[in-house]
Protein chains: 2
Amino acid sequence: MNFKESHTLILNNVARFIDLTELEKRKFISLLAEIKVKKKAYLMQAGEIAQYEYFIAKGCLKVYTLDKDGATHISMFAIEDYWTGDMASFMTKEPTRYFIKATENSELLGVSRANYDLLFQEIPKFERFYRILYQRSLISYIRRSNHGISLDAVERYIAFKKKYPKIVNRITQKDLAGYIGITPEFMSKIISKVNRM
Amino acid sequence: MNFKESHTLILNNVARFIDLTELEKRKFISLLAEIKVKKKAYLMQAGEIAQYEYFIAKGCLKVYTLDKDGATHISMFAIEDYWTGDMASFMTKEPTRYFIKATENSELLGVSRANYDLLFQEIPKFERFYRILYQRSLISYIRRSNHGISLDAVERYIAFKKKYPKIVNRITQKDLAGYIGITPEFMSKIISKVNRM
DNA sequence: TAAAAGTCTTAAACTAGTTCATTTTTTTTC
DNA sequence: GAAAAAAAATGAACTAGTTTAAGACTTTTA
């Protein structure tokens, strides 16, 4: 029996770190919620408690906070084969400060808090999967905040294009500015400058 | 039988998350290396592979990287009762990009890579201890990089004084500038401005 | 397919923070 | 406790990025 496309994707993602039997695969799939969000809809809003950890099967979303002046700071863009959510809120059940908004119609697979605990009981291998996933997140998080340091906005823009070529063409210049940490006006100047080079 | 001061300190630190029997305490202590560093000496330098995770029993150290222009970016100050090191290098055995330098004569307890693995074998409770320690590190790390956003240098300085009153008086203005992310000259201006307020 | 809403561009005036250079003060070292 | 080294203060000239404002272009919606 075959799996539907989104399930094949998530199984391949998991297979990077652990091997599952056919039975375990079925069990895992049975614990996932299928979630669709239309472009411009929110998956999460500040003040809520994160109910799911999300795997993106299709689409694109932006994860961001609003600062005290109401400016948008984008912390990640999530596309196919990425995991997203707010782990801190998901674990501690404190309200999140994040917004997650779809920038395209998107299809996600969600692991609820209850099923997350159940998953470890039923298939202990997943302890390993999430340990590796989180450890890698931590390392890349530290690396990123260390790397961006001392680069000016042009260098950060060029580095982003190089590191995420698949994402650049799917997001607006304004959102890219929100990720890079500059105003949309300055982003516009940078782009016309870089293209002239 | 009593423990020496540094051992009492680390046992109390561990007791925040797990309970150990007398026997387990002895075993744990036996796996720790005692390390002393003089003021201005390095505990770690970029290019090396991190050999230990460190618990600070006494003293003060700064953890920093040098950027491409040779400027110092301090990522943390570690004082008594803190853990420090470079977890990424310690785990992956890749060379670190960090320097750790004592700003006072310091006494540390170190868990070596070999003893770290042994610790989990001998006292599985420590899986839980480190899971919680790392999870908290990740959450506070994300929170910190999110919080600093949109604050100007004066606000970041005031926030630092409020959050780490014990540390402010033990470090130089120059090092504080390296943590806050500004030049020592501008730090000097900020301080005279804030004191005049 | 017209109107509305959002995005992008351009430009001038501005500001937070840097750079460089010099002097004073504090700390370290022998 | 004198000499050397490092840290702190101050000021003037500079720069990367912001702000504000207005018009052109694109996308969404009804």
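The values are calculated or read from the model by the stated rules, or taken from the named source; none is laboratory data. Quick caveat, the model's predicted, so the values are computed rather than measured. Cβ placement follows ideal geometry from the backbone for every residue including glycine, while neighbour counts extend to all protein chains displayed. Surface accessibility is based on the protein's heavy atoms, side chains included, excluding ligands, DNA and RNA. Shrake-Rupley method; radii C 1.70, N 1.55, O 1.52, S 1.80 Å.
Structure values in brief
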{"read-out": "Semi-axis lengths (Å, descending) of the ellipsoid that matches the C-alpha gyration tensor of the range A:5-125", "value": "27, 17, 11"}
{"read-out": "Burial of 30 Å² or greater, the range A:121-150 residues [accessible area, probe 1.4 Å, versus chain by itself]", "value": "A:Gln135, A:Leu138, A:Ile139, A:Tyr141, A:Ile142, A:Arg143, A:Asn146, A:Ile149, A:Ser150"}
{"read-out": "Cβ-based net charge around B:Val194, under 13 Å, with every Lys or Arg adding one and every Asp or Glu removing one", "value": "+4"}
{"read-out": "Listed residues A:Gly85, B:Asn115, B:Met76: farthest to the positive end of the dipole of the protein assembly as shown (Cβ charges)", "value": "B:Met76"}
{"read-out": "Chain A - percent of accessible surface contributed by carbon and sulfur, probe 1.4 Å", "value": "53"}
{"read-out": "Geometric extent, Cα atoms of the protein assembly as shown - Rg, Dmax (angstrom)", "value": "23.2, 75"}
{"read-out": "Among B:Thr65, B:Thr183, B:Thr92, residue whose mean-square fluctuation peaks in a GNM of chain B (springs only between Cα atoms under 10 Å)", "value": "B:Thr92"}
{"read-out": "Exposed trypsin sites (Lys or Arg not before Pro) absent - longest run of chain B, DSSP non-H/G/I/E/B, at most 14 other C-beta within 10 Å", "value": "B:94-169"}
{"read-out": "Relative contact order (%) - chain A, alpha-carbon pairs under 8 angstrom, separation at least six", "value": "23"}
{"read-out": "Length added when fully stretched, A:Thr92-A:Ser140, from 0.36 nm per residue minus Cα-Cα", "value": "15.0 nm"}
{"read-out": "The range A:164-189 versus the range B:105-162: alpha-carbon centroid distance in Å", "value": "32"}
{"read-out": "Percent of Cα pairs exceeding the 18 Å cut-off, where the set is the range B:71-197", "value": "64"}
{"read-out": "Top of B:Ala15, B:Ala46, B:Ala177 by mean-square fluctuation, Gaussian network on chain B, Cα under 10 Å", "value": "B:Ala15"}
{"read-out": "Pairwise burial B:A, computed as accessible area of each alone minus the pair, summed, 1.4 Å, Å²", "value": "2100"}
{"read-out": "Using alpha carbons only: equivalent-ellipsoid semi-axes of the range A:9-67, gyration tensor based, whole Å", "value": "28, 12, 12"}
{"read-out": "FRET E, pair B:Arg26, B:Phe120, Förster distance 25 Å, beta-carbon r, rounded to 0.05", "value": "0.90"}
{"read-out": "Two-decimal ratio, the range B:150-197, of alpha-carbon radius of gyration to 2.2 N^0.38 Å", "value": "1.03"}
{"read-out": "Efficiency of FRET between A:Ile149 and B:Glu5 - r from beta-carbon atoms, R0 45 angstrom, step 0.05", "value": "0.75"}
{"read-out": "Potential extension, A:Ala71-A:Arg113 segment - 0.36 nm per residue separation minus Cα distance", "value": "12.0 nm"}
